[in-house]
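Novice: This is the structure I want to talk about, given as structure tokens.
The values are calculated or read from the model by the stated rules, or taken from the named source; none is laboratory data. A quick note: this is a predicted structure, and the numbers were derived from the prediction, not measured. Using ideal geometry, Cβ is built from the backbone for each residue, glycine included, and neighbour counts are taken over all protein chains shown. We work out accessible area using only protein heavy atoms, side chains counted, and drop any ligands, DNA or RNA first. Shrake-Rupley method; radii C 1.70, N 1.55, O 1.52, S 1.80 Å.
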Number of protein chains: 2
Amino acid sequence: MWILIWGEILSRRFAIIGHEVPAKGGFSLNDLSGSSGRLDVLLRAVNSALFISHGIREDTQIVLHLEGAGSRRIKFDGKSLKGVHPDERSIAGQVRAVTKSQIPPVGVWQEYSRGIAHSGGSIGETLQEWSQEGCEIFIMDANGTPLENLSFGEKSGFVLSDHKPFTNAESDLMCNFESTSLGEKWLQGHSCITIVHHHLDRH
Amino acid sequence: MWILIWGEILSRRFAIIGHEVPAKGGFSLNDLSGSSGRLDVLLRAVNSALFISHGIREDTQIVLHLEGAGSRRIKFDGKSLKGVHPDERSIAGQVRAVTKSQIPPVGVWQEYSRGIAHSGGSIGETLQEWSQEGCEIFIMDANGTPLENLSFGEKSGFVLSDHKPFTNAESDLMCNFESTSLGEKWLQGHSCITIVHHHLDRH
């Protein structure tokens, strides 16, 4: 019983913004780094957030923010996700299926398939929801406080951009949250997620 | 001039073994996690070894070991690699093209395209070559010495398996090298590479 409660409370969350990834209408699975607005960056983020070599991190969620031609959020929840393989094309197949359906109202999370839900809205709504749910929020930023100098509570959420920097509007929304850095190099998003996981696994 | 010499000497190397990845004859780009013997694991390793968000790690090489239906090694060298995108399908396209050509003799490295060379042979040959080139070798192993307790010289090489453990024959070849651990969880290969890079970047 104690383990169940513990598992319920501890959680890690990641949010990544795909500034040019189409929010609707689908895309070609054969050109994930081109015409789909660098969706490949988000797919690798899903992989590194949720998969270990032979299993899934059940304590972790990741929310993709698709901001090309509309705004849609897609949440992958490790606790209930089934039937998704860790390769880019497999994850892309799930994302494409979701983008062919209607965008739900802002703030309404509709389950699409097991462990995958979607909603209207952008990073502002995600930050608001996470705050209301007691999640402490950290913005990944090369100029932030080094990760190893921070301490983390039961629910920690990390916000990343894709290959582009945050927009001014996004930065304004995030300016009141702690920012954290992994060093001077601008690493790929999924690499940042891996390093955060490793740090939290060890501390 | 000093920078050039420094860049020449410092280097990081990764070797990953794909126990079931076909060494010849090509494969479908649409099924990288299935009929190609979990090539997807190796592709993500190439991504995490060589790519940062907006550039390539010029000090890094990775050698893929394709051990399905023959033995071929494919080396990606960050110093000279051109025209490869970081997504799985793009890297897979390069690997597929190589696997359609004849396997060179063991120990003979033939350049296939800029920054990509291939050779016959298996991990035994790679370990021998690295040793001769003054590279200190570390085997990634959950039971090894914690990474943070080790020190690293100018040329460090790290050996990983794919989704399968090392075979007994491979373990025998590696038993005289230092082994290093990233913790108890069996992480994905590309995640291990990311954590090693991050550690070396910081120390």
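Novice: Looking at the stretch A:15-39 only, could you name the residues that are away from chain B (no Cβ under 14 Å) and outside any strand (DSSP E or B)?
Specialist: A:A23, A:K24, A:G25, A:G26
Novice: Here are B:I62, B:I103, B:I91: which of them is closer than 21 Å to B:S156 by Cα and out of contact with any Cys (no Cβ under 7 Å at 6 or more places or on another chain)?
Specialist: After applying the criteria, what remains is B:I62.
Novice: Same structure again: Kindly evaluate A:E148 against the criterion of being charged (D, E, K, R) and touching a Gly at 6+ places or on another chain (Cβ under 9 Å).
Specialist: Spelling it out, it is not the case that A:E148 is charged (D, E, K, R) and touching a Gly at 6+ places or on another chain (Cβ under 9 Å).
Novice: Taking the stretch A:156-173, which residues are of a type in the set (A, V, I, L, M, F, W, C) and part of a loop (DSSP other than H, G, I, E, B)?
Specialist: Selection gives A:F166 alone.
Novice: List, please: which pairs have Cβ atoms under 8 Å, are six or more places apart or on different chains, and start with a residue in the stretch A:76-101 that is under 20 Å from B:D87 (Cβ atoms) and away from chain B (no Cβ under 14 Å) and end with one that is assigned to a loop (DSSP other than H, G, I, E, B) and open to solvent by less than 10 Å² (accessible area, probe 1.4 Å)?
Specialist: Between residues of the stretch A:76-101 that are under 20 Å from B:D87 (Cβ atoms) and away from chain B (no Cβ under 14 Å) and residues that are assigned to a loop (DSSP other than H, G, I, E, B) and open to solvent by less than 10 Å² (accessible area, probe 1.4 Å), the close pairs are A:F76/A:G115; A:T99/A:A23.
Novice: Which of (1) part of a helix (DSSP H, G or I); (2) touching a Pro at 6+ places or on another chain (Cβ under 6 Å) does B:G124 not meet, given it meets every other one?
Specialist: Unmet for B:G124, out of (1) part of a helix (DSSP H, G or I); (2) touching a Pro at 6+ places or on another chain (Cβ under 6 Å): (2).
Novice: Still on this model: Of everything in the stretch B:130-168, what is free of Cβ contacts under 8 Å to residues at least 24 places away in the same chain and closer than 14 Å to B:L187 by Cα? Give them in sequence order.
Specialist: B:P165 - this is the single residue of the stretch B:130-168 that is free of Cβ contacts under 8 Å to residues at least 24 places away in the same chain and closer than 14 Å to B:L187 by Cα.
Novice: Which of the residues that make up the stretch B:1-54 are closer than 24 Å to A:V41 by Cα, acidic (D, E) and at pLDDT below 95?
Specialist: B:D31, the sole residue that qualifies.
Novice: Give me the residue from the stretch B:159-180 that is out of contact with any helix residue (DSSP H, G or I) (no Cβ under 9 Å at 6 or more places or on another chain) and not charged (D, E, K, R) and, out of that set, least open to solvent (accessible area, probe 1.4 Å).
Specialist: Ranking the qualifying residues of the stretch B:159-180, first place goes to B:S179.
Novice: Would you please name the residue that is modelled with the lowest pLDDT, looking only at residues in the stretch B:137-150 that are hydrophobic (A, V, I, L, M, F, W, C) and surrounded by fewer than 18 Cβ atoms within 10 Å (Cβ to Cβ)?
Specialist: Ranking the qualifying residues of the stretch B:137-150, first place goes to B:A142.
Novice: Right, here's the next one. Being outside any loop (DSSP other than H, G, I, E, B) and surrounded by fewer than 22 Cβ atoms within 10 Å (Cβ to Cβ) is true for just one of B:G93, B:G183, B:G153, B:G134. Which residue is that?
Specialist: The unique qualifying residue is B:G93.
Novice: Next question. Can you go through B:V63, B:V108 and tell me which one is within 16 Å of B:A23 (Cβ to Cβ), β-branched (V, I, T) and free of Cβ contacts under 8 Å to residues at least 24 places away in the same chain?
Specialist: Sole residue among the options that is within 16 Å of B:A23 (Cβ to Cβ), β-branched (V, I, T) and free of Cβ contacts under 8 Å to residues at least 24 places away in the same chain: B:V108.
Novice: Could you check the stretch B:42-55 and list, in sequence order, the residues that are within 20 Å of A:S161 (Cβ to Cβ) and either open to solvent by 10 Å² or more (accessible area, probe 1.4 Å) or of a type in the set (V, I, T) (or both)?
Specialist: Across the stretch B:42-55, the qualifying residues are B:F51, B:I52, B:S53, B:H54, B:G55.
Novice: Would you pick out the residues in the stretch B:194-203 that are more than 9 Å from chain A (Cβ to nearest Cβ) and in contact with a strand residue (DSSP E or B) (Cβ under 9 Å, 6 or more places away or on another chain)?
Specialist: Answer for the stretch B:194-203, where residues must be more than 9 Å from chain A (Cβ to nearest Cβ) and in contact with a strand residue (DSSP E or B) (Cβ under 9 Å, 6 or more places away or on another chain): B:V196, B:L200.
Novice: Of the numbered conditions (1) in a loop (DSSP other than H, G, I, E, B); (2) under 17 Å from A:H198 (Cβ atoms), A:R44 fails exactly one; give the number of that condition.
Specialist: Only one criterion in (1) in a loop (DSSP other than H, G, I, E, B); (2) under 17 Å from A:H198 (Cβ atoms) is unmet by A:R44, namely (1).
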